[in-house]
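Colleague: I'd like to ask some things about the structure below.
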Amino acid sequence: MNIPFTKHTLGNGLDVLVHEDHSLPIVAVNVWYHVGSKNEVPGRTGFAHLFEHLMFEGSQHYDRGYFHPLQEAGAALNGSTNADRTNYWEVVPTNALDLALWMESDRMGYLLPALTDAKFSNQREVVLNERRQNYENRPYGLAGMAIVGALYPSDHPYNWLTIGGAEDIKAAHIDDVRAFFQRYYHPANASLALAGDIDPEMAVLLADEYFSEIKAGEKPARVAVPETSPPSEDRKLVLEDRVELPRLYMAWHSPALFAKGDAELDLVAEVLSSGKTSRLYRALVYEQRIATEVAASQNSRELGSFFQIVATAAPGRTLAEVERAISKELAAFLAKGPTGTELERCLAQAEAHFLFRLQTVGGFGGKSDQLNAYNTFLGDPGYFTQDLDRYRTATTERLRDAATEHLKPSNRIVLSVVPRGRVALALTGSQPVSVS
């Protein structure tokens, strides 16, 4: 896996990563800030996601929406925020590279002079509406909040979702938001990747031209994580929602991103639920027909992850039946691990997914995005081969050992999401949970 790149750090601390690829006359401009919802504190959540919106609303030297001039030049662009990072990207024709760099540098260095009370209030309402659409008014939309609230104590940086708490967003003051920006959105906490039709030396010169005058800022300290122990016994919760079919969520603490066991549990999730021949799909959906859908995932995060299994009960079937079937399949996996054939299939899928992400130079995924991910979390932009080897070197024994260590039945959170007024459909012994 050879993705050639150069790395140069400007005097203000901004890492500049360059990958040269002249196959198309386009350049990907990709900026990562090492800040996400984990950098917030209780009572002040949702700030990182709010800035994802505010940074498209104009800066001091271009105080209008960012989409129009770039799209007029033929660019595609977007941004996103998660618990651990915020990213912005543009894929532009080669002759529009200066425009993209100028606009990215202006909002990095000169956003706050253009941040008015009117903009702040407007985007806060946009975020609240997004929260209503994607969480409060979406079937099963509040389940994720219940899961992380049960897995992590209230002072843990993963106790809340990236969207933030509604009351926190409403109570946010523009001065709090300005302080958050000054702490995290600066060159010393950022990484710029340029990939595509560009000469590496010229790329560094352009980055220096547009970004070097921005003050470095102080490198933020690593987020302190309170000690968290897995549940000592099976903990059952119930959440009432406006849904028709009950759904079951199981969650366990699991290894952090790139830590030992992270890749193995990624493959365990593949064996359990990826495709119609996977264990859980075959047993619950195809053979027993007690579920309409089932999924498993290793939700990898920088400071600690969680493994999750989700299944929706079929009409007329109960969550108790679903739970028994999942537990039976999981027990069989813990006893013997995957078969050689299952591992071979999942390794092929993992490699295909890995390579699929690298088909483009930009966008979500793509070589520029991956360079920034490795640089931000590991300090090594060229981690491609080592990352893929985490999967290629996996064995049936390592998958079984990882599952045995982390997916103990006694260490799980089990959430029943049931139609409102029908708590009896939850697993026996479930305690009500309230989220908003």
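The values are calculated or read from the model by the stated rules, or taken from the named source; none is laboratory data. Computed from a predicted model, the values in this text were never measured in an experiment. Cβ placement follows ideal geometry from the backbone for every residue including glycine, while neighbour counts extend to all protein chains displayed. To get the accessible areas, we keep the full protein, side chains included, count just its heavy atoms, and leave off ligands, DNA and RNA. Shrake-Rupley method; radii C 1.70, N 1.55, O 1.52, S 1.80 Å.
Colleague: Given that compact globular proteins tend to follow 2.2 N^0.38 Å, what is the ratio of the alpha-carbon Rg of the range 249-294 to that value?
Modeller: That works out to 1.34 for the range 249-294.
Colleague: Here is a further query. Please arrange Lys328, Lys215, Lys170, Lys38 by accessible surface area, largest first, computed with a 1.4 Å probe and ligands excluded.
Modeller: Reading off the accessible areas and sorting them downward yields Lys215, Lys328, Lys170, Lys38.
Colleague: Another question, then. From zero outward in steps of 5 Å, how is the percent of C-alpha pairs of the range 278-394 spread across the bins?
Modeller: Spelled out bin by bin, the range 278-394 gives 2, 9, 14, 17, 17, 13, 12, 9, 5, 1, 0 percent.
Colleague: When the helices in the chain are scored as -39500 (n - 2.57) per DSSP H run of 4 or longer and the sum is shared across all residues, what 222 nm value do you end up with, to the nearest 500 deg cm²/dmol?
Modeller: Taken over the chain, the calculation gives -11500 deg cm²/dmol.
Colleague: Here is a follow-up. When the convex hull of the Cα atoms of the range 326-402 is projected onto a plane and the area is averaged over all directions, what value comes out in nm²?
Modeller: If I average the Cα hull's projected area over directions, I get 6.3 nm².
Colleague: Which sequence of His34, His61 reflects their accessible areas, 1.4 Å probe, from the largest down?
Modeller: Sorted descending by solvent-accessible area, the residues read His61, His34.
Colleague: Report the accessible area of Ile169, computed with a 1.4 Å probe over the heavy atoms of all protein chains in place, in Å² rounded to the nearest 10.
Modeller: Around 10 Å² of this residue is reachable by solvent.
Colleague: Same structure, new question: Running Debye on the chain with equal point scatterers at the Cα sites and no solvent, what base-10 log of I(q)/I(0) appears at q = 0.08, 0.09, 0.14 Å⁻¹?
Modeller: Calculated log10 I(q)/I(0) at the listed q: -0.50, -0.63, -1.33.
Colleague: For Arg422 paired with Ala73, estimate the spin-label separation in nm (one decimal), with each label point 7 Å from Cα along the Cα-to-Cβ line.
Modeller: With each label point 7 Å from Cα toward Cβ, the separation is 5.4 nm.
Colleague: Report, please, the projected area of the range 184-226 averaged over directions, based on the convex hull of its C-alpha atoms, in nm².
Modeller: The number I arrive at for the range 184-226 is 4.2 nm².
Colleague: Further question on the same structure: So for Phe356, Phe67, Phe307, what's the accessible-area order with a 1.4 Å probe, most first?
Modeller: Phe356, Phe67, Phe307
Colleague: Let's test this: bin the Cα-Cα distances of the range 214-269 at 5 Å from zero up to the farthest pair and state each bin's percent.
Modeller: 4, 9, 14, 13, 16, 14, 12, 8, 5, 4, 1
Colleague: A follow-up question, please. Give the whole-number value, in cubic angstrom per residue, of the convex hull volume spanned by the C-alpha atoms of the range 95-179.
Modeller: It is 153 Å³ per residue.
Colleague: While we're on this one: Over 20 Å, how big is the tail of the calculated P(r) for the range 93-252, in percent of all Cα pairs?
Modeller: Tail of P(r) above 20 Å: 68 percent of Cα pairs.
Colleague: Counting only other residues whose beta carbon sits under 13 Å from that of Phe56, what net charge do I get with K and R as +1, D and E as -1?
Modeller: -3
Colleague: What is the Cα coordinate range of the range 254-323 on the first, second and third principal axes, sorted by size from largest, in whole angstrom?
Modeller: Here the Cα extents, ordered largest to smallest, are 41, 21, 12 Å.
Colleague: Would you work out if the range 383-436 is rounded, prolate or oblate? Take a ≥ b ≥ c from the square roots of the eigenvalues of the alpha-carbon gyration tensor; rounded if a/c is under 1.5, else prolate when a/b is larger than b/c, oblate otherwise.
Modeller: Taking the square roots of the gyration eigenvalues as a ≥ b ≥ c, the range 383-436 is prolate.
Colleague: So, taking all protein chains as they sit and a 1.4 Å probe, how much accessible area belongs to Asp197, in Å² rounded to tens?
Modeller: Here the accessible area works out near 40 Å².
Colleague: Cα-Cα over 24 Å: which of Lys260/Lys408; Lys236/Lys276; Lys38/Lys328; Lys260/Lys336; Lys7/Lys367?
Modeller: Correct reply: Lys236/Lys276; Lys38/Lys328.
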